[in-house]
Amino acid sequence: MSASFVDPEKIEALTSLLKQLHGKAKPTNVAQVRHLSPFRYPGGKTWLVPEVRQWLMASKQRPSVFVEPFAGGAIAGLSVAAEYLAERVFLFELDDDVAAVWETIFYGTDVDVADLSKKITRFDVTSENVRAVLNGKPRSTKNQAFRTIIKNRMQRGGIMAAGAGLVKDGEAGRGLKSRWYPETLATRIKVLRSLKNRIVFERGDAFEVVCCFADNPDAFFFIDPPYTAGGKQAGSRLYTHNEIDHERLFALMTKVRGTVMMTYDDTPEVREMAERHSFRIERVPMKNTHHAIIHELLILKP
């Protein structure tokens, strides 16, 4: 990897973005953001979509490559592809179950995708049926994708890590059905399938992925790792793959030639790493699961 020599146009674009972000008092109303992902992810970034859009549009020309190494629910990359904000979107995910969903949608046959949607719309949500799916051992990527969607929708808070319990009361006392919108899920899958020519998905380690694109000055990296820096335990509770070397990640993102946006909890440890590696920091408001307004950090490099 070669050292980064910052393009003046990139500095100008970052300065413009920071002016737009600075002083934002109200969090994004996620109801006004187009929901594309079939996942309900704890720590999902639907609320950040307007900022990602501003970030890309601040560039004088459409980015050729948008890279999301920790894809998860991938709302950032999916939104970029749907709005054609970059020529090509690269999504990467290490979790086998989550990867099975993206592989089915983007690389499965038309019959595979139709079967997945049919299984979703015809599924009878009962405790017995849900447990039967979760305890099953799917033999195909398509069936693994279906089990993953059931797991994500039926376990409390969309938690994917082992040991998560099932939804109990849910919304309006509807229990397991409170987060199950089969027709909506089928529609999202259909929309995403239509974007398959703009999206490349691979199972992969985030650090290796970043290295593959590190020398591309036109790459835009959106980095949303599990939040375990500064003693935070949320990532370890929520995700199967949560062991992240944050110091190594910051050092790596400093060296890439492309443009970087990282999102993190606002902790002293994260701020110290960001400042030591000469990133710009901006606080952005969001609402947590209890509807309280909190702030997360956007950590930026031109």
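The values are calculated or read from the model by the stated rules, or taken from the named source; none is laboratory data. All values derive from a computational prediction rather than experimental measurement. Note: ideal-geometry Cβ built from the backbone for every residue, glycine included; neighbour counts use all protein chains shown.
Odds and ends about this structure:
- Selection within segment 185-194 - surrounded by fewer than 18 Cβ atoms within 10 Å (Cβ to Cβ) and in contact (Cβ under 8 Å) with a residue 60 or more places away in the chain: K190, V191, R193
- If the condition is being surrounded by fewer than 21 Cβ atoms within 10 Å (Cβ to Cβ) and either without any contact (Cβ under 8 Å) to a residue 24 or more places away in the chain or of a type in the set (D, E, K, R) (or both), then segment 52-77 contributes R53, K60, Q61, R62.
- Residue match in segment 2-21 (condition: assigned to a helix (DSSP H, G or I) and under 23 Å from P226 (Cα atoms)): no
- Near pairs, Cβ below 7 angstrom, 6+ apart or cross-chain, from segment 89-108 (free of Cβ contacts under 8 Å to residues at least 60 places away in the same chain) to any residue that is of a type in the set (K, R): T104/K142; G108/K142
- Condition check for G73: assigned to a loop (DSSP other than H, G, I, E, B), in contact with a Phe, Trp or Tyr (Cβ under 9 Å, 6 or more places away or on another chain), assigned by TED's automatic domain parsing to the domain that holds F39 and within 15 Å of S37 (Cβ to Cβ): yes
- Output for segment 266-294, where each listed residue is over 24 Å from A251 (Cα atoms) and either surrounded by fewer than 17 Cβ atoms within 10 Å (Cβ to Cβ) or hydroxyl-bearing (S, T, Y) (or both): P285, K287, N288, T289, H290, H291, A292, I293, I294
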